[in-house]
Amino acid sequence: MSLTAFTMITIANYIGGVWTPPRSGRYFDDINPATGEVMARVPDSDAADVEAAVSAARAAWPAWRSMKPAQRYEALHALAEGIRRRLDELAALESDDNGKPLWLARSVDIPRAVSNFSFYAAAALHFGSESYEMGDEVLSYVLRRPLGVVGAISPWNLPLYLFTWKIAPALAAGNCVVAKPSEVTPLTAFELSRIAQEVGFPAGVLNIVHGRGASAGEAVVMHPHTRAVSFTGGTRTGRRIAELAARQFKKVSLELGGKNPNIIFADAPYDEALRTTVRSSFANQGQICLCGSRILVEASIYERFRDDLVERARALKVGDPRDPDTRVGAVVSESHMQKILSYIALAREEGGRILTGGERVAVPGRCKDGFFVAPTVIEGLAPTCRVNQEEIFGPVVTLIPFADEEEALSIANGVEYGLSATVWTQDLRRAHRMARDLEAGIVWINTWLLRDLRTPFGGTKASGMGREGGWEAMLFFTEPKAVTIQL
Ligand code: NAD
């Protein structure tokens, strides 16, 4: 029976191929942020559940590790196809759980989860390692062996998309996984466990433990047999995980927060820059780590761009995520909505002018108790004030004028974060200079969110450590060993 056929779901952990209730018997509620209704009971798992998952993963590892690449390809490909077959159902769950428009979950989140598994299924086939000859006498080669059991911890903003972005390369490289999805959006991860069982994915190779960060999440990080942890989430959590992992010299990959600049020069392709800026500001209610939350505009076009952006932002329909005309759905929770609204209040205190938005939106009907925030554009704030320095992670952007390239760069780099940056210009040389000098792991020129899964993905400074994507993730999830032979 499909999950959506239930009105209230009780989620179970997936350990050793079996649905398992939390050892403690405790659950907490999963809320639909567009309606305020309780949708599911989520296991409040702790170290005992993680222990069971790690032990199932360890038992499954020898068989998984020694599989031929083609067999691993088949197993991952089956997961991709299993997700593809459930596209509509998964998209509905994702939208209900997160508040994002259904069309967005259908066109972006779930298709990307399919791509993550199919991309890394192919990687399992193609992954290899290098060899070196020293004259005729010496041959060295590198073994890249899987690590064993690894942990994957993911956030709520792109739930299945980011969960599978970690799980797929870990499995492709020959590891068994203990994965903990965000407790705020657990539904599609639970559904993934059903798909794994349905397609006959080997028991114990992928284990999913639900629960809160401080209990289940930390237990994954602390367990002596999780050899690496791949984490995506907030910078403060990332720091805590790095500290815990350092005690055990455990490998970590940390994809953290951002305060990304979107830099618009006067020679930008104007209409495209404007259209894309609306998207990079408000897509997924501004809850994408790659959203451009600081919009830097060259002084000579500042007023025109500002007025056009405000007009477009005002026209975005905020409403029921199931309505195909909705452009901005609910933010993920009541507490997150309060955090966003508190930053808008802070912007007022810091002397900012709210040009549009700035408040909660009441959506009538089914969504009358939902958590909606109007797309908000703010100007008049110093680049150094808190609103321009701290990650808000909602549909809120600020506008900052700049005089020239040098000033744009200094404002762009003047934050603790360094995840992504977008540059709009037709000047080829300037585009390359900016790409070189921006402190960011990802730079887009005249586009945004265009992803080639082969490229390294991640941030610098407080935006993270390590890279996902392409071979980077395969390297992270393996241990190199140099072997040298005297011939
Ligand atoms: P979060 O840090 O609160 O939680 C992320 C995950 O970590 C959740 O599964 C949570 O349960 C777990 N967790 C929390 N505390 C933990 C602990 N002490 N030990 C182990 N696990 C713990 O983040 P969030 O609010 O879910 O997500 C929003 C944040 O994620 C934003 O800062 C956003 O920028 C960031 N993000 C970054 C990227 C990226 O690729 N760089 C992508 C998406 C989101």
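Determine if segment 315-324 includes at least one residue that is within 16 Å of the ligand (Cβ to nearest atom) and either open to solvent by 10 Å² or more (accessible area, probe 1.4 Å) or out of contact with any Ser or Thr (no Cβ under 7 Å at 6 or more places or on another chain) (or both). Don't jump to the end; show me each part of the working.
Quick first cut of segment 315-324, residues within 16 Å of the ligand (Cβ to nearest atom) only: none.
No, there is no match, as no residue in segment 315-324 is within 16 Å of the ligand (Cβ to nearest atom) and either open to solvent by 10 Å² or more (accessible area, probe 1.4 Å) or out of contact with any Ser or Thr (no Cβ under 7 Å at 6 or more places or on another chain) (or both).
Within segment 373-414, can you find the residues that are open to solvent by less than 10 Å² (accessible area, probe 1.4 Å) and more than 21 Å from LEU158 (Cα to Cα)?
Scanning segment 373-414 gives THR376, VAL377, ILE378, VAL387, ASN388, THR398, LEU399, ILE400, PHE402, ALA408, ALA412.
Select the helices (runs of 4 or more DSSP H) contained entirely in segment 379-487, then report the ones holding at least 1 residues which are on the phi > 0 side of the Ramachandran plot.
Working: elements: 386-389, 405-413, 428-437, 470-476.
Output list reads 470-476.
Show the residue pairs that are 6+ apart or on different chains and have beta-carbon atoms under 9 Å apart, the first residue being within segment 52-80 and farther than 24 Å from TYR161 by Cα, the second being at pLDDT 95 or above and hydroxyl-bearing (Ser, Thr, Tyr).
Matching pairs, first to second residue: ALA52/THR20.
Can you find a residue in segment 72-79 that is in contact with a strand residue (DSSP E or B) (Cβ under 7 Å, 6 or more places away or on another chain) and open to solvent by 80 Å² or more (accessible area, probe 1.4 Å)?
Looking through segment 72-79, none of the residues is in contact with a strand residue (DSSP E or B) (Cβ under 7 Å, 6 or more places away or on another chain) and open to solvent by 80 Å² or more (accessible area, probe 1.4 Å).
Among the helices (runs of 4 or more DSSP H) lying completely within segment 137-254, list those that include at least 1 residues that are within 9 Å of the ligand (Cβ to nearest atom), at negative phi and among the aromatic types (Phe, Trp, Tyr).
Details: elements: 159-172, 187-198, 218-222, 235-246.
Answer list for segment 137-254: 159-172.
Only one of THR484, THR384, THR425, THR376 is in contact (Cβ under 8 Å) with a residue 24 or more places away in the chain, more than 15 Å from the ligand (Cβ to nearest atom) and within 24 Å of the chain's Cα centre (by Cα). Can you tell me which?
After ruling out the rest, the residue left standing is THR376.
Name the residues in segment 255-274 that are farther than 25 Å from GLU390 by Cα and either within 16 Å of the ligand (Cβ to nearest atom) or without any contact (Cβ under 8 Å) to a residue 24 or more places away in the chain (or both), would you?
Keep residues of segment 255-274 that are farther than 25 Å from GLU390 by Cα, which gives 266-272.
Hit for segment 255-274 is ASP271, nothing else.
To keep it simple, each residue is scored yes or no on (1) polar (S, T, N, Q); (2) assigned to a loop (DSSP other than H, G, I, E, B).
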{"residue": "THR35", "(1), (2)": "yes, yes"}
{"residue": "ALA53", "(1), (2)": "no, no"}
{"residue": "TRP61", "(1), (2)": "no, no"}
{"residue": "GLN71", "(1), (2)": "yes, no"}
{"residue": "HIS77", "(1), (2)": "no, no"}
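The values are calculated or read from the model by the stated rules, or taken from the named source; none is laboratory data. Being a predicted model, the structure only gives us computed values, none of them experimental. Neighbour counts run over all protein chains shown; Cβ positions are idealised from the backbone, glycine included. Areas reflect the complete protein model, heavy atoms only, side chains present, ligands, DNA and RNA absent. Shrake-Rupley method; radii C 1.70, N 1.55, O 1.52, S 1.80 Å.
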